Amino acid sequence: MKDSARAVIIGGGVVGASVLYHLAKIGWRDVLLLEKSELTSGSTWHAAGGMHTFNGEANISRLQKYTIDLYREIEKLSGQSCGLHPNGGLMLAANEGELDSLRLICSRARYLGMETEMVSLAEAHNLNPLIDTSHFIGALWRADGGHCDPSGTTHAYVKAAQQLGASVERFTRVVSLTPRRDGSWDILTDKGAIRAEHVVNCAGLWAREVGHMAGIELPVLAMEHHYLITEDLPELTGRDREIINTTDYSGEIYMRQERRGALIGTYEPHGVVWAPLMTPDDFTMQLLPEDFERLAPYFEVGFRHFPALGRVGIRKAVNGPFTFAPDGNPLVGPIRGLRNFWVACGVMAGFSQGGGVGLALAHWMVDGDPGADIWGMDVARYGDWATLAYTNAKVRENYSRRFRIRFPNEELSAARPLRTTPIYERLQDQHAVFGDYCGLEHALWFAPSAAEANEAVTFHRSNAHGHVGAECQAVRESVGLIEISNYGKFDVTGAGCEEWLSHVMANRVPKVGRIALTPMLNERGKLIGDFTMARVAHDRVFLVCTYAAEDYYRRWFERHPAPAGVSVRPCAMQYAGLSVAGPRSRALLQSLTHEDLSTAAFPFLTFRQMDVGMIPALVGRISFTGDLGYEIWVTSEYQRALYDLLSGAGAEYGLKLFGGRALNGMRLEKSFGTWAREYRPIYGPHEAALGRFVDFGKGDFVGRAAALEEKESGGALRLATFSVAAADADAAGDEPIWHDGRVVGWVTSGAYGHRVRRSIALGYIPAALASTTEGFEIELIGERRAARRESAALLDPTGTRMRA
Ligand SMILES: Cc1cc2nc3c(=O)[nH]c(=O)nc-3n(C[C@H](O)[C@H](O)[C@H](O)COP(=O)(O)OP(=O)(O)OC[C@H]3O[C@@H](n4cnc5c(N)ncnc54)[C@H](O)[C@@H]3O)c2cc1C
């Protein structure tokens, strides 16, 4: 066995094999895969091999399409068959909600360039005669998908990688990992020691255990999963092609042809976590005992929906474990705090996702950038708050919802409430309807009574619509109060803070007492963050950003470390926040402080330490609502007193609480973007209409050269605001934008703008259409609706209200 390698990959399942192949393909030939047993011996060998392009996150769908398309390539290179059955896929809807969901999937696939159509039940039956169509009301057909042979596919990756120079050692168990000072790793195996520059954890079922070797706890657990293979079905005799792979939403069943019989699997509601504390070391090429008693009711639904399956015997039953992260998407990328340690685990659909995961990770390792927008599977989306018990609750929920539709206004209930701010009960008393954001409860909207404090899930406008409208109206006419604790915050202190921030951020660091908005760019000049920089003092800048990206930013700051003497302290949960917004917000706040808040003394984008009542606070004159407003940050122990003070004094000014839903609609009225929606690493600042926040005159900064190039060329895309002729459903994100009868772009956010009384969507279109206003359409739940591109924000385009 080699005693050194550029990269060592731990795990010879389909994911490790794909990472090995992609590293070798991109050019790292000195790469070694270590597998403690036989290749595929974890969850890979007993998989059903189904593959499809469906994912709630559009960019992951793209990588799934890449994965499926890749199989022909590795077959050719390796000479090893992947056992492909590219039958396509069918998704069945049994009710209107499911049908709306299919229409959305279908329209999204259009902008992703995938072949998908809504089909009649007769056509569905033609593609799969085993369906009893009386249980369904509609269906979606997709060209991509089918199934493959798990073992053949894994071996094809490995053989193709070996042809390119990569190495594999089977029956070689990694027992410990020790980092060296220079960032390389000592890998101890039962066959000897290896030194490697990089280590990749692709240990699948054992990903947590391998994580422990490096001192980290990964939020991943395995669930038991059953499928059955029937005896031969007479209904399939004489057919010249296989039936299409079929997903039955309401039955929570998937089925496909397996030789002359069928394979049927279920994601039952009360799934079981397997090995919740530690994966047994000796679980190799093994299955779990079947639990038919528990599963029978769910398979019976399948036998009703596909009656022929119930008329023959069961040839084989499989119960095997495979891993999930709390949201069901993979965990990929480098780990903050550990140099050259990478993960590609929690891949629950290895045959749909393994190729894309391998591609992104290999690019990340070789080029320093994944080369695609993989925010939805970046391991950094989970912080320390995602504990083992949290993961346990969420993976069970995720498993049970695998085939349930997720409505755009739906909040999931597992592991809640977990994190709450000091005013949680106060907001509850005001009938807040809460959402969950990184395990933290935050108010979405406020109902008039406890009995009305719940929201029906729908793709259309919900029962919250009118109440959210009243909240927006209060901000427009008097004053609204919103909790803003769910933002990320960093306290950057030390004499060199300006110099460092000037290097990592694209805008100029503001003067003391002022606020500046700034994009953060990567070397390719793409957006990797948007921040508010508030200069508290010469040697202190308070950064406000997206909380979900806190770890993502921390990892980036490690790559661009602050110099000695500068501290970059994440402090999201130490500072709680409240914001007042609306024309009477100044009068309200002025009644509680001796500071002069007049426009002359405290203009827009001012930031100051001041006492509000007895409470020491950091106050910034800024507001995401587009109206006059203030953000007030206090250390958490003061938040309740601040809330009581503001709400007590606010009565006189017509104060009304508002929540995240209202804020979202109001930011769209102002064409304000937000991270993970409008701002992602596939867009440049010019494309995202953030060009004015990039200061090319201040000297060099990360991404400057590429951003300058983008500015000069104009970029390929443009973020645009649309008013949509919607009926009772607004855009939610990911809808295609049409122009002149073809799909030209996609929606990033949408909502009803109550202050301007329009349905609004933000989205990207080609730069060539940037000055076109007419001829657009946006597809809402399968229906193309006329849309007008607005050349300015719909509310107060000159910003007079904010600056008042
Ligand atoms: C019943 C069932 C049906 C499924 N059906 C489908 C399907 O239809 N479609 C689909 O896409 N997915 C399906 N899956 C999921 C699929 O199996 C997984 O997504 C995939 O196998 C994950 O692969 P992996 O490489 O991440 O993990 P694994 O296959 O678990 O591989 C990890 C490897 O790491 C090795 N390893 C661990 N620790 C060490 C160590 N210390 N040293 C050396 N080696 C180590 C293990 O031996 C193992 O081989 C199914 C799973 C099950 C259980």
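Run through all the Cα pairs of segment 434-502 and give the fraction in each 10 Å bin from 0, expressed as whole percent.
15, 33, 26, 13, 11, 1
Ratio of segment 50-128's C-alpha Rg to 2.2 N^0.38 Å, to two decimals?
Cα-based Rg divided by the globular estimate yields 1.27.
With all protein chains present, calculate the accessible area of V272 using a 1.4 Å probe and round the result to the nearest 10 Å².
The accessible area of V272 comes to roughly 50 Å².
Could you work out the relative contact order of the chain? I mean the mean sequence separation of Cα pairs under 8 Å and 6+ apart, divided by the number of residues, in percent.
Reported as a whole number, the value is 12 percent.
I need the trypsin sites (Lys or Arg not before Pro) found in segment 703-804, filtered to DSSP loop residues with at most 13 other beta carbons within 10 Å of theirs.
Those satisfying the criteria are R757.
Which semi-axes, in whole Å and largest first, does the equivalent ellipsoid of segment 417-553 have when worked out from the alpha carbon gyration tensor as the square roots of 5 times its eigenvalues?
The three semi-axes for segment 417-553 are 36, 17, 15 Å.
How about segment 373-441: which chymotrypsin sites (Phe, Trp or Tyr not before Pro) there are in a DSSP loop, with at most 14 other Cβ atoms within 10 Å of their Cβ?
Qualifying residues, ordered by number: W385.
Taking 20 °C and 1.002 mPa s as the conditions, I'd like the Stokes-Einstein D for segment 696-804 in µm²/s, using the Kirkwood hydrodynamic radius from alpha carbon pairs.
Using the Kirkwood radius from Cα pairs, D works out to 141 µm²/s.
Computed over the Cα atoms, what is the radius of gyration of segment 359-438 divided by 2.2 N^0.38 Å, N being its residue count?
Expressed relative to 2.2 N^0.38 Å, the Cα Rg reads 1.45.
Kirkwood-based Rg over Rh for segment 84-126 (C-alpha set), two decimals?
When Rh is taken as the Kirkwood radius, the ratio is 0.99.
Averaged per residue, what accessible area in Å² does the chain show with a 1.4 Å probe, protein chains only?
36 Å²
For segment 229-291, with equal point scatterers placed on the C-alpha atoms only and solvent neglected, what are the log10 I(q)/I(0) values from the Debye formula at q = 0.16, 0.28 1/Å, to two decimals?
Ignoring solvent entirely, the Cα scatterers give -0.75, -1.19.
Ignoring ligands, DNA and RNA, please state the percent of accessible area on segment 341-425 from carbon and sulfur, probe 1.4 Å.
The value for segment 341-425 is 49 percent carbon and sulfur by accessible area.
When the accessible area of segment 710-801 is split by element with a 1.4 Å probe, what percent falls to carbon and sulfur?
Accessible surface attributable to carbon and sulfur in segment 710-801 totals 45 percent.
Compactness ratio of segment 97-151: Cα Rg over 2.2 N^0.38 Å, N = residue count?
Relative to the 2.2 N^0.38 Å estimate, segment 97-151 comes out at 1.26.
Rg over Rh of segment 161-229, using C-alpha atoms and the Kirkwood radius, what does it come to?
Computed over Cα atoms, the ratio is 1.06.
Would you kindly derive the ³J(HN,Hα) couplings of segment 589-599 from the backbone phi angles with the Karplus curve 6.51 cos²θ - 1.76 cosθ + 1.60 (θ = phi - 60°), listing them in order in whole Hz, with x for Gly and Pro?
Per residue, the Karplus-derived 3J(HN,Hα) values read 5, 4, 5, 10, 9, 8, 5, 7, 9, 4, 4 Hz.
Which percent of the Cα-Cα distances in the chain go past 51 Å?
16 percent
State which helices in the chain qualify, where a helix is a whole DSSP H run, it must extend 24 Å or more along its own axis by its Cα atoms, and its mean Kyte-Doolittle hydropathy must be at least -0.5.
Helix filter hits for the chain: 350-367.
Binned at 10 Å from 0, what are the whole-percent values of the Cα-Cα distance distribution for segment 24-157, short to long?
Taking all Cα pairs of segment 24-157, the binned fractions are 11, 33, 32, 17, 7, 1 percent.
At a Cα cut-off below 23 Å, give the lysines reachable from K65, other chains included and same-chain residues fewer than 8 away excluded.
Candidates past the 8-residue exclusion: K25, K76, K159.
Give me the log10 of I(q) over I(0) for segment 600-645 at q = 0.15, 0.20, 0.22, 0.32 Å⁻¹, as the Debye formula computes it from C-alpha points; what are the numbers?
-0.40, -0.67, -0.78, -1.14
More than 17 Å apart: what percent of Cα pairs in segment 294-380 qualify?
Counting pairs separated by more than 17 Å, the tail of P(r) holds 60 percent.
Under Stokes-Einstein, with the Kirkwood radius over Cα pairs standing in for Rh, what whole-number D in µm²/s applies to segment 589-720 at 4 °C and 1.567 mPa s?
73 µm²/s
Which of the trypsin sites (Lys or Arg not before Pro) found in segment 238-283 are in a DSSP loop and have at most 15 neighbouring Cβ atoms, other than their own, within 10 Å?
R239, R241, R259, R260
Under 5 Å between amide H atoms, partner at least 5 residues away or on a different chain: which partners does E258 have, H built in plane at 1.01 Å?
Placed amide hydrogens put L263 under 5 Å from E258.
Give the average over all directions of the projected area of the C-alpha convex hull of segment 688-741, one decimal, in nm².
Approximately 5.9 nm², given one-decimal rounding.
The values are calculated or read from the model by the stated rules, or taken from the named source; none is laboratory data. Everything quoted here is computed from the prediction, not taken from an experiment. All Cβ positions, even for glycine, are placed from backbone atoms using ideal geometry, and neighbour counts span all protein chains on display. Accessible surface areas use protein heavy atoms only, side chains included; no ligands, DNA or RNA. Shrake-Rupley method; radii C 1.70, N 1.55, O 1.52, S 1.80 Å.
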